[in-house]
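Reviewing the structure listed below.
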Amino acid sequence: MTAGASAASGVIGRARARAGTNIALVKYWGKRDRALNLPAAGSLSLTLDGLGSDTEVTFLAGRPAGPNAPDEVLLDGQPADATTAARVSRFLDLVRARAGSRAPARVRTHNSVPTAAGLASSASGFAALALAATRAARLDLSPRELSELARRGSGSAARSIFGGLVELHAGSAPDGGDAVAEQILPPGAWDLRLVVAITSDARKALSSTAAMERTANSSPYFPAWVDAVAGDLAAARAAIAARDLDSLGAVTERSCLRMHACALAADPGVLYWNPVTVALIHAVRALREAVAPAYFTIDAGPHVKVLCAAAHADAVRDRLAAVPGVLRTLVAGPGPGVQLVSADAPSSSPLA
Ligand code: DP6
């Protein structure tokens, strides 16, 4: 590699991007190919406004990336743990290979979602990283290409490339070229809200990657889970087309419960819920009778996310906040897809 034209600063390309996290209404749980991170089935989610990741990537002149010139990865101002840093470096290797570069990178990410607490910071993190890293490497990918790339970092990240309601296709191509996300409804088209009830500040015990692998390898219910997803996706699409919250909510709850039932049946069983999680499930079912249409979903953590209409979000939030053990609540609406905040390539010379 060359030292680059702007050796004074050592910076040969820099870009910053922002992405919202997303919450799956039809869950992704299980892979058909680990190396390419291909999902076993499709999934469908809502990208959120205001909860996400803001990531800056700077490629630096100097020695080639590797043990002598490691990537520097900062999460909320602190060096990332070794596992996360290695995962980010492997992802950057994909971008470097595409750009024909070996330049090491400095990555700075700020999350407005609690990292690894089951609020899907990897979804917004890898979506923002995909756009920032490619632009810093002077690559200009289409949204579909970005979605495919983000999926390599984290399956759910493929969906955060797009705003609003988004479907990630399972695809069938061996190279994963069709395992990409697509927008189903733009963020302004349906005034939904997700009310998030936080039930713990602990980091999750088992990553979703490890838990879904264990589930696929040992849960006798895994084939049945995968078989059920296509029907749930069709029902969700129809509910969205009709703006039918009750039908979308019914699919949301059954997809969540089936995913967790399948994981519970793994060996050893995967249990993400705490007693407050269960109390919230009962509270949502009760408030649905008494207050407003509202439907729960739960990811790889103990928090409960509740789907409702914007007009009912305050009432739903008040009810959830009153459940003993709930630490905090958040309310988020549909948000945009990944956005470039800034890009600055000090020279027009190639990155490598
Ligand atoms: C429960 O996208 O975190 O949130 O592809 O291994 O990084 P990897 O998994 P990840 O899994 C998300 C699981 C989920 C459901 C969902 O978001 O669809």
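The values are calculated or read from the model by the stated rules, or taken from the named source; none is laboratory data. Keep in mind that this is a model prediction, so the values were computed, not measured. Glycine also receives a Cβ, built like all others from the backbone with ideal geometry; neighbour counts cover every protein chain displayed. Quick note on the areas: whole protein, heavy atoms, side chains included, nothing else; ligands and nucleic acids left out. Shrake-Rupley method; radii C 1.70, N 1.55, O 1.52, S 1.80 Å.
Considering each of Ala205, Ala250 in turn, give the residue that is under 27 Å from Ala313 (Cβ atoms) and small (Gly, Ala, Ser). Quick ask: steps written out before the conclusion?
On the way: Ala205 fails: under 27 Å from Ala313 (Cβ atoms).
Residue meeting the stated conditions: Ala250.
Can you find even one residue in region 316-333 that is at pLDDT below 95 and either more than 25 Å from Asp49 (Cα to Cα) or in contact with a Ser or Thr (Cβ under 6 Å, 6 or more places away or on another chain) (or both)? No - not one qualifying residue is present in region 316-333. Can you find a residue in region 94-110 that is open to solvent by 30 Å² or more (accessible area, probe 1.4 Å), within 22 Å of the chain's Cα centre (by Cα) and within 16 Å of the ligand (Cβ to nearest atom)? Checked against the condition, which is being open to solvent by 30 Å² or more (accessible area, probe 1.4 Å), within 22 Å of the chain's Cα centre (by Cα) and within 16 Å of the ligand (Cβ to nearest atom), region 94-110 yields at least one hit. In region 332-345, the residues that are closer than 18 Å to Ser122 by Cα reach residues that are open to solvent by 50 Å² or more (accessible area, probe 1.4 Å) with C-beta atoms within less than 6 angstrom, at least six apart or across chains, in these pairs: Ala332/Asp49; Ala332/Gly50; Gly335/Asp49; Gln339/Arg18. Given the conditions (1) open to solvent by 50 Å² or more (accessible area, probe 1.4 Å); (2) out of contact with any helix residue (DSSP H, G or I) (no Cβ under 8 Å at 6 or more places or on another chain), which single one is not true for Val226? The failed condition is (1).
Of all residues being touching a residue at least 12 places away in the same chain (Cβ under 8 Å) and open to solvent by 80 Å² or more (accessible area, probe 1.4 Å) in region 62-92, which is nearest to Ala103 (Cα to Cα)? Just the residue, please. Applying the filter and picking the extreme gives Arg63.
I'd like to check something: does region 212-232 contain any residue that is touching a strand residue (DSSP E or B) at 6+ places or on another chain (Cβ under 6 Å) and modelled with pLDDT of 95 or more?
For region 212-232, residues touching a strand residue (DSSP E or B) at 6+ places or on another chain (Cβ under 6 Å) and modelled with pLDDT of 95 or more: present.
With Ala181, Ala189 as the choices, which residue is modelled with pLDDT of 95 or more, within 15 Å of the ligand (Cβ to nearest atom) and hydrophobic (A, V, I, L, M, F, W, C)? Steps first, please.
On the way: Ala189 fails: within 15 Å of the ligand (Cβ to nearest atom).
Checking each option against the conditions leaves just Ala181.
With the condition kept exactly as written, say whether any residue in region 207-223 is of a type in the set (Gly, Ala, Ser) and either more than 16 Å from the ligand (Cβ to nearest atom) or open to solvent by 60 Å² or more (accessible area, probe 1.4 Å) (or both). Checked against the condition, which is being of a type in the set (Gly, Ala, Ser) and either more than 16 Å from the ligand (Cβ to nearest atom) or open to solvent by 60 Å² or more (accessible area, probe 1.4 Å) (or both), region 207-223 yields at least one hit.
Looking only at residues of region 282-319 that are of a type in the set (D, E, K, R) and assigned to a helix (DSSP H, G or I), we find that the one that is farthest from Pro334 (Cα to Cα) is Glu289.
Specify which of the listed residues (Thr58, Thr83) is over 26 Å from Val270 (Cα atoms), of a type in the set (Ser, Thr, Tyr) and at pLDDT 90 or above.
Numbers: Thr83 fails: over 26 Å from Val270 (Cα atoms).
Just one listed residue meets the conditions, Thr58.
What do you reckon, is Ala173 free of Cβ contacts under 8 Å to residues at least 40 places away in the same chain, surrounded by fewer than 22 Cβ atoms within 10 Å (Cβ to Cβ) and either part of a loop (DSSP other than H, G, I, E, B) or charged (D, E, K, R) (or both)?
Details: free of Cβ contacts under 8 Å to residues at least 40 places away in the same chain: yes; surrounded by fewer than 22 Cβ atoms within 10 Å (Cβ to Cβ): yes; either part of a loop (DSSP other than H, G, I, E, B) or charged (D, E, K, R) (or both): yes.
Against the criterion (free of Cβ contacts under 8 Å to residues at least 40 places away in the same chain, surrounded by fewer than 22 Cβ atoms within 10 Å (Cβ to Cβ) and either part of a loop (DSSP other than H, G, I, E, B) or charged (D, E, K, R) (or both)), Ala173 qualifies.
Of the residues Ala261, Ala279, Ala294, which is within 16 Å of the ligand (Cβ to nearest atom) and in contact (Cβ under 8 Å) with a residue 40 or more places away in the chain? Unique residue meeting the criteria: Ala261. In region 17-47, how many are part of a strand (DSSP E or B), surrounded by 21 or more Cβ atoms within 10 Å (Cβ to Cβ) and within 12 Å of the ligand (Cβ to nearest atom)? Of the residues in that region, 13 qualify.
For region 123-155, the candidate set comprises residues that are open to solvent by 20 Å² or more (accessible area, probe 1.4 Å) and touching a residue at least 40 places away in the same chain (Cβ under 8 Å); within that set, the residue that is nearest to Ala17 (Cα to Cα) is Arg135.
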